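Colleague: The structure under discussion is supplied below as structure tokens; questions concerning it will follow.
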Amino acid sequence: MAPSNTLLEVITTIIHRIDMFECLLDEPKDTRSLVADLDVSRSTVTQSVRDLEQFDLIEYRDGRYHMTLSGRLAYQSFICLWEFIASRVGSGRHRCTAATR
């Protein structure tokens, strides 16, 4: 069974916006902090936010962007999959560390 277009869109979004996920892992941030931490333009942050909000992976609350539960689970699952594939392609061992964050 082939994955749905929506699933592929979510995976593609996670891949393209992985830096945003990692920036929001530890604490919510406002737009200014995201621009500074990611060293990108405000328009890039705005587009990243739209992309992630579209799939309910982050949300805006109290003046800051927060990773949703769905976002955390998607990020952790993606990192585990990435590490699993890398361990099969390379010489590394599979060790899913993201799930402990």
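Coordinate-derived values only; no laboratory data. Owing to the predicted nature of the structure, the values given are computational and were not obtained by experimental measurement. Neighbour counts run over all protein chains shown; Cβ positions are idealised from the backbone, glycine included.
Colleague: Measure nothing fancy, just the Cα-based angle from helix 5-16's long axis to the longest principal axis of the chain, in degrees from 0 to 90, nearest 10.
Modeller: 70
Colleague: How big is the convex hull of the Cα atoms of the range 5-100, per residue, in Å³?
Modeller: 104
Colleague: Further, regarding this structure: Can you compute the FRET efficiency between residue 8 and residue 39 using 1/(1 + (r/R0)^6), with r the Cβ-Cβ distance and R0 = 25 Å? Round to the nearest 0.05.
Modeller: Using R0 = 25 Å, I get an efficiency of 0.30.
Colleague: Add +1 for every Lys or Arg and -1 for every Asp or Glu among the other residues with Cβ under 15 Å from the Cβ of residue 12, and state the total.
Modeller: Computed value for this residue: -1.
Colleague: Return 81, 52 ranked ascending by Cβ neighbour count within 10 Å, so the fewest neighbours appear first.
Modeller: Sorted ascending by nearby Cβ count, the order is 81, 52.
Colleague: Arrange the following residues from fewest to most other Cβ atoms within 10 Å of their Cβ: 56, 39.
Modeller: So the ranking, lowest neighbour count to highest, is 39, 56.
Colleague: Further question on the same structure: 7 Å from Cα along Cα→Cβ at both residue 80 and residue 18: what's the point-to-point distance in nm?
Modeller: 1.7
Colleague: Relative to the first principal axis of the alpha-carbon coordinates of the chain, what is the inclination of helix 42-54, with its axis defined by its Cα atoms, in degrees from 0 to 90 and to the nearest 10?
Modeller: 60
Colleague: Something else: What percent do you get for the relative contact order of the chain when only Cα pairs under 8 Å and 6+ apart count?
Modeller: 22
Colleague: Identify the trypsin sites (Lys or Arg not before Pro) of the range 40-94 meeting these criteria: DSSP loop state and at most 15 other C-beta atoms within 10 Å of the C-beta.
Modeller: Qualifying residues, ordered by number: 93.
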